[in-house]
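The values are calculated or read from the model by the stated rules, or taken from the named source; none is laboratory data. Computed from a predicted model, the values in this text were never measured in an experiment. FYI the Cβ positions are ideal-geometry reconstructions off the backbone, even for glycines, and counts take in every protein chain you see.
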Amino acid sequence: MSKIKNTIEQINNDGKKALSVFLTSGFPTIDKFLYNTNRIIEAGADLIELGMPFSDPLADGGVIQQSSQIALQNGITQKQTFQFAEQIRKCNNTPLILMGYANTIMQYGKEQFEQDAINAGVDGLIIPDVPLEEFDDFFSSFSDKLDKVLLTTPTSDNDRIITLDNKSTGFLYCVSVSGTTGVRSGFDDKIIENLKSTYQIVNNNKMLVGFGISKPENIKQLSPFADGFIVGSAIIKSLQNESIDETINLIKSLKHACEV
């Protein structure tokens, strides 16, 4: 069993939901990134999604887009992102997932990218712009040492959800809403019904819900229809606007909501 899947299962077996936190590599500054990440893990993040900054992040809303732009302006490189992963791994055993776009991998070189990711202690990949139809071709040269997490959306029909569930490893990423990432005030009945339906179909993987999860109330509302939650924009926004202590308080409140 993969480390990612095993971590989520252990949390669920204790009657809790997993908390995955997205962080843009090199944001808000290269110097602060590692310190911030280690504190966020200590505060309760069960998994870390390490965003690979890219100039055209099509699945990301304004907050994460801006964080990518700032990180690139800070001079972050893919090699530094791998170095961050390696340093995080030395401090703890939290599963690490790289999230980004196909161009980054192709420019780096697929074989070299996979080897450097494995050497850095990375456990999985989320590449939103590699659709199901191109999945086998894109990852044909990759081994099974890295989990490849696929995404289901509100427009995915039942057959597609089943196929995505069978292809995905680590977990299945359930996008709660159509569109890009970002903070939401709440989730309407249509969204909840879709999550409920998807959760009943998914059998091969644990299902984590992302896009729009920003506060404990979101987690409590959707908790019956997920094995865990992914929080990104709210964390990035906090890091941009507040001190790290405010971000830590947010992480702790989200973690508490996952445990009750």
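Residues that are farther than 16 Å from L96 by Cα and assigned to a loop (DSSP other than H, G, I, E, B): does the stretch 28-41 have at least one? Checked against the condition, which is being farther than 16 Å from L96 by Cα and assigned to a loop (DSSP other than H, G, I, E, B), the stretch 28-41 yields at least one hit. Entry remark, the stretch 97-142: residues being assigned to a loop (DSSP other than H, G, I, E, B) and in contact with a helix residue (DSSP H, G or I) (Cβ under 7 Å, 6 or more places away or on another chain) number 9 in total.
The rows are residues; the columns are (1) in contact with a strand residue (DSSP E or B) (Cβ under 8 Å, 6 or more places away or on another chain); (2) farther than 30 Å from G212 by Cβ.
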{"position": "S67", "(1), (2)": "yes, no"}
{"position": "N74", "(1), (2)": "no, no"}
{"position": "Q80", "(1), (2)": "no, no"}
{"position": "F84", "(1), (2)": "yes, no"}
{"position": "T94", "(1), (2)": "yes, no"}
{"position": "F113", "(1), (2)": "no, no"}
{"position": "I118", "(1), (2)": "no, yes"}
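Just wondering, is there one or more residues in the stretch 19-41 that are crowded, with 18+ Cβ neighbours inside 10 Å, in contact with a Lys or Arg (Cβ under 9 Å, 6 or more places away or on another chain), within 15 Å of I230 (Cα to Cα) and among the β-branched types (V, I, T)? Checked against the condition, which is being crowded, with 18+ Cβ neighbours inside 10 Å, in contact with a Lys or Arg (Cβ under 9 Å, 6 or more places away or on another chain), within 15 Å of I230 (Cα to Cα) and among the β-branched types (V, I, T), the stretch 19-41 yields no hits at all. What are the residues in the stretch 131-148 that are touching a residue at least 12 places away in the same chain (Cβ under 8 Å) and within 19 Å of L208 (Cα to Cα), if any? Result: L132, L146, D147, K148.
As a summary of the residue check, I88 satisfies the conditions (1) part of a loop (DSSP other than H, G, I, E, B); (2) of a type outside the set (K, R); (3) more than 30 Å from I192 (Cβ to Cβ) except for the one numbered (1).
From the residues in the stretch 200-248 that are touching a Ser or Thr at 6+ places or on another chain (Cβ under 7 Å) and without any contact (Cβ under 8 Å) to a residue 24 or more places away in the chain, which one is farthest from N158 (Cα to Cα)? Applying the filter and picking the extreme gives E246. Annotation: of all residues in the stretch 49-93 being touching a Ser or Thr at 6+ places or on another chain (Cβ under 7 Å) and among the charged types (D, E, K, R), the one that is modelled with the lowest pLDDT is D60.
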